[in-house]
Amino acid sequence: MTKDDHLKRLRRIEGQVRGLQRMIDEDTYCIDVLTQIASVTRALQAVGLGLLDEHVRHCVLDAAATSTEEGEAKVHEAVAAVERLLRA
């Protein structure tokens with residue numbers, strides 16, 4: 001995915017969040033709101049995974065080609081990012 005692809009997805013998610021605000025403002029049935037929250041959460045996770053994929057394919061590989069130490073630092077950074085995504 002490109003930067004533009006990520007931005008398009010985030011704009012779509014932004015629209016979903018505005019929809020959630022409207023649903024709450026209009027006292028929409030709670031289960032329907034929760035369903036939409038789950039959808040937004042999955043969409044954000046997909047963007048995060050796409051960014052992580054790019055990071056590993058570019059930043060981590062480039063750092064590993066430069067030196068073992070830089071490669072290990074980038075791998076550690078990527079693992080920490082995965083941990084944060086899994087906790088979210």
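For every residue, the table says whether it meets (1) at pLDDT below 95; (2) more than 18 Å from the chain's Cα centre (by Cα).
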| site | (1), (2) |
| --- | --- |
| Met1 | yes, no |
| Ile13 | no, no |
| Met23 | no, yes |
| Val33 | no, yes |
| Leu51 | yes, no |
| Ser67 | yes, yes |
| Gly71 | yes, yes |
In region 33-54, is there at least one residue being aliphatic (A, V, I, L, M), closer than 20 Å to Met1 by Cβ and free of Cβ contacts under 8 Å to residues at least 12 places away in the same chain?
no
Which of the residues that make up region 11-46 are surrounded by 10 or more Cβ atoms within 10 Å (Cβ to Cβ) and either in contact with a Cys (Cβ under 7 Å, 6 or more places away or on another chain) or outside any helix (DSSP H, G or I) (or both)?
Thr28
Can you go through Leu86, Leu61 and tell me which one is aliphatic (A, V, I, L, M) and more than 14 Å from the chain's Cα centre (by Cα)?
Leu61
Restrict the check to region 15-26 and report whether at least one residue is in contact (Cβ under 8 Å) with a residue 12 or more places away in the chain and among the small types (Gly, Ala, Ser).
yes
Output the residues belonging to region 47-88 that are among the basic types (Lys, Arg) and exposed (fewer than 13 other Cβ atoms within 10 Å of the Cβ).
Arg57, Arg84, Arg87
Hey, can you tell me all the residues within region 52-77 that are part of a helix (DSSP H, G or I) and either among the polar types (S, T, N, Q) or in contact with a His (Cβ under 7 Å, 6 or more places away or on another chain) (or both)?
Thr66, Thr68
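The values are calculated or read from the model by the stated rules, or taken from the named source; none is laboratory data. Everything quoted here is computed from the prediction, not taken from an experiment. Quick reminder, even Gly has a Cβ in these numbers, built from the backbone with ideal geometry, and neighbours come from all protein chains shown.
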